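Everything below concerns the one structure shown next.
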Amino acid sequence: MTAPPDPLAPLRAAAADRDDRGMRRVLRPRAADDGVLDLASNDYLGLARDPRVTAAAAEAALQWGAGSTGSRLVTGSTRLHAELEADLASFVGAEAGLVFSSGYLANLGVLTALAGPGSLLVSDRLESLAREVHRTYFFKYPPLPVRWGQQISRKKRRSIRLGSYNHATAEVRIHPILSAPNIPTFFIQSVIYHEYLHHVLGPHHNRRFHQAERKFRYYRESQEWIRRNLFVLLGRKPAMRPAPVPPRYVQVALF
């Protein structure tokens, strides 16, 4: 009797691939008083351990309990929430305020409430792609500023430089021709990844550089895309060929 296919096999394969490339991150639980200087938290002002904050939190927990008991629309909106929102609104000179538990939820709530059918949402695509490359591959290094370069008009091109890294300013520039909507996302990220490697490994395309370049998740797809569409970028063909579809992985929705 044939065993049923493992639905998590694609996820395990992706995890093994990340492990092989040295990109797997693991949880490292810390102690309450480990004495380590924390330079990676979101507690920018150091208020998490401020005696006034911890005393107020302890007093609120004794009075209100350890949780809000529900969502804001059901039973989770307390007088403390209302007072905080009123104080914040008064501080910034607004009519009212609304507190979210994270920046992601704030963006989600604002966009959902204000953007209806026909709305135009403008986002910095390049910055978002650069953040993902840094978070996935170069999280051990400070992020680099990644910006669009300037368009140089030429009637005929024999070559094109899609990205450049300035070692003096530690800045990455991406050719603006890649800002076209028909350029696949994974290819733009491959260029960003390539320039990040120059920041980490230096300017030479040696054996070590090429080995590291192949660790980009969609390296093969990017090479195939540029092979098919290089003459388009050079202005010698009218239309681009469809981008190769990256391998699909099982999507899991968490609620």
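The numbers here are math on the coordinates, done by the rules we state, and not lab data. Remember, predicted model here, so these are calculated numbers, not experimental data. Note that we place each Cβ from the backbone using ideal geometry, even for glycine, and neighbour counts take in every protein chain shown.
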Note the listed values (1) 179; (2) 293; (3) 134, then indicate which one is volume of the Cα convex hull per residue in Å³ calculated from this particular structure. (2)
Given contacts defined as C-alpha pairs under 8 Å and at least six residues apart, what's the relative contact order of the chain, whole-number percent? 14
Positive-end residue, the chain charge dipole about Cα centroid, Cβ charges, pick of 225, 119, 96: 225
How do 44, 165 line up, fewest other C-beta atoms within 10 Å first? 44, 165
I need the trypsin sites (Lys or Arg not before Pro) found in segment 1-90, filtered to DSSP loop residues with at most 16 other beta carbons within 10 Å of theirs. 21, 24, 25, 30, 72
Cα centre as origin, Lys/Arg/Asp/Glu Cβ charges: the chain dipole, Debye: 2280
Could you give me the ³J(HN,Hα) list for segment 78-83, computed from phi with Karplus coefficients 6.51, -1.76, 1.60 and θ = phi - 60°, whole Hz, x at Gly and Pro? 9, 4, 4, 4, 5, 5
Which of 195, 213 has the fewest Cβ neighbours within 10 Å, and the rest in rising order: 213, 195
